[in-house]
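The values are calculated or read from the model by the stated rules, or taken from the named source; none is laboratory data. Computed from a predicted model, the values in this text were never measured in an experiment. Cβ coordinates were reconstructed from backbone atoms using ideal geometry, including for glycine residues, and neighbour counts include every protein chain displayed.
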Amino acid sequence: MRYTHLTENERYMISALRKQGISTAKIAKQLGRHKATIYREIERNSRYNRHFRRFSYQAWRAQQMARNRLSRSRRNKRYSEIDFRLPEALLRLDWSPDQIVGYLRVRGYPTMSHELIYQHIWNDKTLGGTLWKHLRQSTKKRRKRYNSKDSRGRLAAKRHITERPAKAEHRNEPGHWEIDTVVGPRTKALYRNFSRQNDWLHFYRANGR
């Protein structure tokens, strides 16, 4: 039978039944739990009461202690190298840690935080690994953009779209094209060609930016 943690309601029932003087074995039977589960619950989550000079079990404190214990166990969970095989494969496809976390959650794989994946990447780097090179800003220093214009994707001596001939607006003459670049992570890019006459759109991969 698969073990399940005691619920908050069960802890309040344990506390109330103990105050009525009901034995631990009978409490376990009433809750449909093994008596060892109730014994362990009372032993782990009781605190010494100096006023009554004895250990007492209080439901609210027991619930808080159980939550804190569960939180610590989750933070201290250890992952094996096998657990990181899929995240590493996705990293090499230039997936971001956030994308990987979402994929693992949807597919039902062991979940991990994006902070843990970043930590794994930097640990790999200290050992001479290359996972860090697949991060989208792995080699770039972030610079402040206060009151500065964003010039990414701009070409030298590029003519603005407002300078195109007026006859191009009527869309009845062939040969008028809109061409721009769609830039992806790292050095990946696509060219987009659009014919204004017949709304024909074509993408093709660029060798670089």
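Within the set A28, A16, the sole residue that is surrounded by 14 or more Cβ atoms within 10 Å (Cβ to Cβ) and either over 39 Å from the mean Cα position of the chain (by Cα) or under 14 Å from Y57 (Cβ atoms) (or both) turns out to be A28. The residues of the range 38-56 that are at pLDDT below 90, surrounded by 11 or more Cβ atoms within 10 Å (Cβ to Cβ) and of a type in the set (S, T, Y), listed by number, are S46, S56.
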